[in-house]
Amino acid sequence: MGVDGLVLKKKGKDRDRGGKRAGSPNLLDMRPRRLVQWTMVEQGDRKGLVNVSMPKFRNFIGKHFCDALERPRDITVRLDSFGTFVWLRCDGRTTVEQIGEGLKKEFGKKVGPVFDRLAYFLMTLQRQQMISYDEGEAPGEKKDR
């Protein structure tokens, strides 16, 4: 499911993204999950930040082209502290709303407007096929009935 088809609802307000109907799933209830390889930087001035590896090309021709030119098949995306905070919580268990609340608590006004910024970042990750979304209950979670 793409972020473009989701509605961002916060504090009783229906904030429609891209003209979608109000019946669309709520982004804040979704649980982003990482799909690509990543590493935590262990030393230097970027210690504690995340590097994400993603393929330059997804098709055979592009991969073959990289091999023929003896170039790496992957590119490395270096996340800043905000991106690292979000990435580490894209575990398939944490909701977008929980991530946003954590951002506000950790970074305060430096990250505002938090939910608009978070939605845009997650949309970018999803379009690059770096994350997907899980709906409903997280593994091991039970709804109150």
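Which ones in the stretch 86-109 are assigned to a helix (DSSP H, G or I) and either touching a residue at least 12 places away in the same chain (Cβ under 8 Å) or hydroxyl-bearing (Ser, Thr, Tyr) (or both)?
VAL86, TRP87, LEU88, VAL96, GLU97, ILE99, GLY100, GLY102, LEU103, GLU106, PHE107
Taken over the stretch 18-36, residues that are modelled with pLDDT under 90, of a type outside the set (A, V, I, L, M) and surrounded by 12 or more Cβ atoms within 10 Å (Cβ to Cβ) amount to 5. Considered as a group, the residues in the stretch 43-63 that are small (Gly, Ala, Ser) and either more than 26 Å from the chain's Cα centre (by Cα) or part of a loop (DSSP other than H, G, I, E, B) (or both) include one that is nearest to ILE131 (Cα to Cα), and that residue is GLY48.
From the list ARG89, ARG73, pick out the single residue that is more than 17 Å from GLN128 (Cα to Cα) and surrounded by 12 or more Cβ atoms within 10 Å (Cβ to Cβ).
ARG89
The requirement of being under 18 Å from LEU118 (Cβ atoms), charged (D, E, K, R), at pLDDT below 90 and part of a loop (DSSP other than H, G, I, E, B) is fulfilled somewhere in the stretch 3-17, by at least one residue.
Would you confirm whether or not the stretch 64-80 contains a residue that is assigned to a strand (DSSP E or B), hydrophobic (A, V, I, L, M, F, W, C) and in contact with a Leu (Cβ under 8 Å, 6 or more places away or on another chain)? For the stretch 64-80, residues assigned to a strand (DSSP E or B), hydrophobic (A, V, I, L, M, F, W, C) and in contact with a Leu (Cβ under 8 Å, 6 or more places away or on another chain): absent. Of all the criteria given as (1) out of contact with any Lys or Arg (no Cβ under 8 Å at 6 or more places or on another chain); (2) among the hydrophobic types (A, V, I, L, M, F, W, C); (3) over 19 Å from PRO25 (Cβ atoms), the one not satisfied by TRP87 is (1).
The values are calculated or read from the model by the stated rules, or taken from the named source; none is laboratory data. Because the structure is a prediction, the values reported are computed rather than measured. As a convention, Cβ positions derive from the backbone with ideal geometry for all residues, glycine included, and neighbour counts pool all protein chains shown.
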